[in-house]
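Report on the following structure.
The values are calculated or read from the model by the stated rules, or taken from the named source; none is laboratory data. No experiment lies behind these values; they were computed from the predicted model shown. Quick reminder, even Gly has a Cβ in these numbers, built from the backbone with ideal geometry, and neighbours come from all protein chains shown. All accessible areas refer to the heavy atoms of the entire protein, side chains included, with ligands and DNA or RNA removed. Shrake-Rupley method; radii C 1.70, N 1.55, O 1.52, S 1.80 Å.
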Amino acid sequence: MSEGSIQGHVLSPVLEYLEALHAQFADHLEGEVATYIPELAKANGQWFGICLATTDGQIYEVGDSRRPFTIQSISKPFVYAAALEAHGREAVLRKIGVEPSGDAFNAISLDPVSGRPANPMINAGAIAATGMLPGDTPDERYAHLLGSLARYAGHELCVDEAVYVSERETGFRNQAIAFLLRNAGVLEDDPLPTLDLYFQQCSVLVDCRDLAIMAATLAAGGVNPLTGVRALDADHVESVLSMMGSCGMYDFAGEWSLSVGLPAKSGVSGGILATLPGHLGIGVFSPLLDARGNSVRGIAVCRELSQRFGLHLFNVPQTGATVIHRTYSADEVSSNRVRPPAVAAALQRLGRRIRVYELAGALSFGTVEVVVRDVLDKVNTQDFVILDLERVTESDFAAATCSPHSPFA
Ligand code: GLU
């Protein structure tokens with residue numbers, strides 16, 4: 001019996017595809033492991049894992065998907081999220097900008113006048129976000145950090161002490177950035193404890209499966225699909241994804257957007273996390289980096305996945321007309337209901353001026369707009385519109401706002 005057959009052991013076609021993808025790139029050993037943090041230089045260039053997690057909790061993983069590595073810059077969107085939750089959007093915006101810098105991750109992108117870092121995905125903005133983590137003592141802030149990341153991953157996480165010490169002992173450029181932030185008033189007190197916490201946050205151990213689940217948590221509006229625990233207030237998910245979308249891939253963000261089209265974040269230990277909102281999270285781990293600090297195989301895998309599965313965020317299937325299940329006028333339907341003769345006669349006479357729309361599926365701006373247009377087209381021949389919502393599965397605020405309730409209500 002061949003693998004993939006319907007009888008006996010059935011291999012999911014998704015898993016089969018991921019295995020083929022892994023095999024396709026397993027021998028691609030271009031790139032270099034990061035060495036500027038001495039401990040990261042110990043990574044093995046062969047390591048390679050891929051994981052997909054859906055928003056309903058299905059996991060597909062191949063290769064070194066359970067090999068731990070330090071999260072590095074992939075912590076940045078999650079710490080930014082924690083700052084948003086703790087202080088609200090306005091307060092965070094006053095300290096951290098939202099414009100792509102197009103510069104390298106460790107660029108000193110501070111606004112010449114305000115001293116505000118360009119965005120939260122480069123080190124300057126990330127250190128500023130770390131400085132906004134709530135807590136009265138370094139221990140409390142550390143606990144907040146780990147607790148928050150753990151909710152996305154769905155289990156407790158810890159710091160790799162060796163990487164943390166290695167980065168702390170060599171991170172002079174980050175020290176310089178932290179002191180500049182203090183000078184500009186973006187950090188409000190001693191920058192060293194914040195810097196220390198930043199080094200710890202970069203040294204949190206995760207694996208590729210964790211990345212996929214963290215990404216799927218963002219895809220699911222902030223709720224971890226495996227544990228059901230809310231990791232982030234739904235209101236902040238779109239801010240975090242926006243920053244990942246425009247600034248998450250260092251100075252490769254534009255090309256990434258073109259060829260992959262998913263909000264993402266990469267880190268110098270070789271991880272990439274990408275999110276397709278509403279659907280899934282992707283985690284890839286391969287420590288061989290290109291000149292911009294992105295995982296070479298990580299980019300290749302995400303590109304393939306996006307193209308093969310049509311994941312590009314701007315490649316949205318047209319759903320327009322499908323929401324109208326059936327439409328007819330009241331005189332076209334027969335009913336078993338016994339009505340007084342006068343009512344039955346009136347219905348027959350006026351029935352063609354009553355239009356019924358049976359709607360089905362998800363109502364959103366796009367799908368309801370089609371209904372509204374149809375109603376307006378018939379405005380001169382109809383007096384009443386009846387919307388039958390029995391088959392509607394969901395409706396968002398936009399759908400409620402533009403539903404045809406006037407002038408026919
Ligand atoms: N800890 C690293 C640093 O700040 C993170 C860099 C990265 O992953 O881009 O240098």
Notebook entry, point to check: If you take the residues in the range 44-72 that are of a type in the set (Gly, Ala, Ser) and open to solvent by less than 10 Å² (accessible area, probe 1.4 Å), which one is nearest to the ligand (Cβ to nearest atom)?
Noted result: Gly49
Next item on the list: Take the range 399-409 and flag every residue that is over 17 Å from Thr327 (Cβ atoms), of a type in the set (A, V, I, L, M, F, W, C) and at pLDDT below 65.
Entry: Ala409
Note to self: I'd like the full set of residues that are more than 11 Å from the ligand (Cβ to nearest atom), open to solvent by less than 60 Å² (accessible area, probe 1.4 Å) and free of Cβ contacts under 8 Å to residues at least 60 places away in the same chain, limited to the range 192-207.
What the structure shows: Pro193, Asp196
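For the range 79-124, which positions are in a helix (DSSP H, G or I), of a type outside the set (A, V, I, L, M) and without any contact (Cβ under 8 Å) to a residue 40 or more places away in the chain?
From the range 79-124, those in a helix (DSSP H, G or I) are 79-87, 89-95, 123-124; that's our starting set.
Among the residues that remain, those that are also of a type outside the set (A, V, I, L, M) are: 80, 85, 87, 89-90, 94-95, 123.
Hits for the range 79-124 are Glu90, Arg94.
Filter the range 18-38 down to the residues that are among the hydrophobic types (A, V, I, L, M, F, W, C) and not in a loop (DSSP other than H, G, I, E, B), then identify the one that is nearest to the chain's Cα centre (by Cα). Don't jump to the end; show me each part of the working.
Pass one, the range 18-38, residues among the hydrophobic types (A, V, I, L, M, F, W, C): 18, 20-21, 23, 25-26, 29, 33-34, 37.
Filter once more, so that each one left must be not in a loop (DSSP other than H, G, I, E, B): 18, 20-21, 23, 25.
Values: Leu18: 21, Ala20: 25, Leu21: 23, Ala23: 27, Phe25: 25 Å.
It comes out as Leu18.
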Note to self: Can you find a residue that is farther than 18 Å from Ala274 by Cα, open to solvent by 10 Å² or more (accessible area, probe 1.4 Å) and either within 16 Å of the ligand (Cβ to nearest atom) or of a type in the set (Ser, Thr, Tyr) (or both) anywhere in the range 235-242?
What the structure shows: no
Item checked: Lone qualifier among Glu30, Glu19 - being at pLDDT 95 or above, open to solvent by 70 Å² or more (accessible area, probe 1.4 Å) and more than 23 Å from Met214 (Cα to Cα) -> Glu30
Next item on the list: Name the residue, out of Thr327, Thr367, Thr275, that is within 20 Å of Pro77 (Cα to Cα), among the hydroxyl-bearing types (Ser, Thr, Tyr), open to solvent by less than 60 Å² (accessible area, probe 1.4 Å) and away from the ligand (no atom under 16 Å from the Cβ).
Entry: Thr275
Checklist line | Only listed residue being at pLDDT below 80 and of a type in the set (D, E, K, R), chosen from Asp377, Asp396 | finding: Asp396
Note to self: Can you tell me how many residues within the range 243-272 are away from the ligand (no atom under 11 Å from the Cβ), aromatic (Phe, Trp, Tyr) and open to solvent by 10 Å² or more (accessible area, probe 1.4 Å)?
What the structure shows: 1
Next item on the list: Only residues that are within 14 Å of Val268 (Cα to Cα) and among the basic types (Lys, Arg): list them for the range 25-75, please.
Entry: Lys42
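Is it fair to say Arg308 is more than 18 Å from the chain's Cα centre (by Cα) and modelled with pLDDT of 95 or more? Break it down into steps so the answer makes sense when it comes.
Details: more than 18 Å from the chain's Cα centre (by Cα): yes; modelled with pLDDT of 95 or more: no.
Answer is no for this residue.
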